[in-house]
Amino acid sequence: MTETYSFRPAPLRGPQDWQLDGDTLTGPPGTLDLSTVGQATLVDTRIQLMRMRRLDLTAPSGLIRIAINSRLGLPRDHPDRAAHRALCQAVARRMAHHAPDLPVRIGEGGRLRMVWFGIGVLALVMGLGLGIAALATGVDADRLVGMVVPVAALALFGAVIMHGHAPWRRRPEAPVSTLPALLDGLDRPGGS
């Protein structure tokens, strides 16, 4: 029995249809046999007023991303959010049928993790560098006081981004069998 899930992957895009027929997932990026998935990654990021969530599935045939970008604050029962969550939960249940202990990595990985780490390093260095340069050049005390907050915010932003995306830190993992409950928890009020 084929199940169809339809949602808009971004506010300005039209709906995409995904079909799940047993172990076969078919969507805009292509078709994937879920019994062959060897690696799964869940990324849930909030930037300004947007929430970006995606489930990356890697198999010998390639990578399939089930992604949605939505406005922060949409209710959990919003049709697009609910359909995306239901699809990810159904996919997780099918994968758990074959390999219940398959680890799902939580958070960004690979090159994107390195890019975010680089952005953090750059912001921290710029924040510290601006502060040191201002002190070394003898900036007037009134101007120095006015620039403390933005420069400190830039350095703090860099430090937080670096800490969160440090390449030497191991990303948390959870078994795929717990992914449906994890997704449900993330979409509850107050969920992370």
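Worth a mention:
- For region 103-136, filtered to residues that are hydrophobic (A, V, I, L, M, F, W, C), out of contact with any Gly (no Cβ under 8 Å at 6 or more places or on another chain) and open to solvent by less than 40 Å² (accessible area, probe 1.4 Å), the residue that is farthest from Asp44 (Cα to Cα) is Ala134.
- Residue pairs whose Cβ atoms lie under 8 Å apart, sitting 6 or more positions apart in sequence or on different chains, and linking a residue in region 6-26 that is more than 21 Å from Leu74 (Cα to Cα) to a partner that is hydrophobic (A, V, I, L, M, F, W, C) and open to solvent by 60 Å² or more (accessible area, probe 1.4 Å), are Asp21/Met1.
- Residues of region 66-80 classified as farther than 21 Å from Pro175 by Cβ, under 13 Å from the mean Cα position of the chain (by Cα) and not small (Gly, Ala, Ser), total: 2
- Pairs with Cβ under 7 Å, 6+ apart, first in region 103-131 and of a type in the set (Lys, Arg), second buried (at least 18 other Cβ atoms within 10 Å of the Cβ): Arg105/Thr41; Arg113/His165
- Among the residues of region 109-154, those that are hydrophobic (A, V, I, L, M, F, W, C) and either under 30 Å from Leu55 (Cβ atoms) or in contact with a Phe, Trp or Tyr (Cβ under 9 Å, 6 or more places away or on another chain) (or both) comprise Leu112, Met114, Val115, Trp116, Phe117, Ile119, Val121, Leu122, Ala123, Leu124.
- Residues of region 20-35 that are of a type outside the set (Val, Ile, Thr) and open to solvent by 20 Å² or more (accessible area, probe 1.4 Å): Asp21, Gly22, Asp23, Pro28, Pro29, Gly30, Asp33, Ser35.
- Residues in region 50-62 that are open to solvent by 10 Å² or more (accessible area, probe 1.4 Å) and touching a residue at least 24 places away in the same chain (Cβ under 8 Å): Arg53, Ala59, Pro60, Ser61, Gly62.
- Matching residues, region 63-79, being open to solvent by 30 Å² or more (accessible area, probe 1.4 Å) and either touching a helix residue (DSSP H, G or I) at 6+ places or on another chain (Cβ under 9 Å) or closer than 20 Å to Thr4 by Cβ (or both): Arg65, Ala67, Pro75, Arg76, Asp77, His78, Pro79
The values are calculated or read from the model by the stated rules, or taken from the named source; none is laboratory data. Keep in mind the model is a prediction, meaning the values are calculated, not measured. A quick note on method: Cβ atoms are made from the backbone with ideal geometry, for glycine too, and the neighbour counts reach across all protein chains shown. All accessible areas refer to the heavy atoms of the entire protein, side chains included, with ligands and DNA or RNA removed. Shrake-Rupley method; radii C 1.70, N 1.55, O 1.52, S 1.80 Å.
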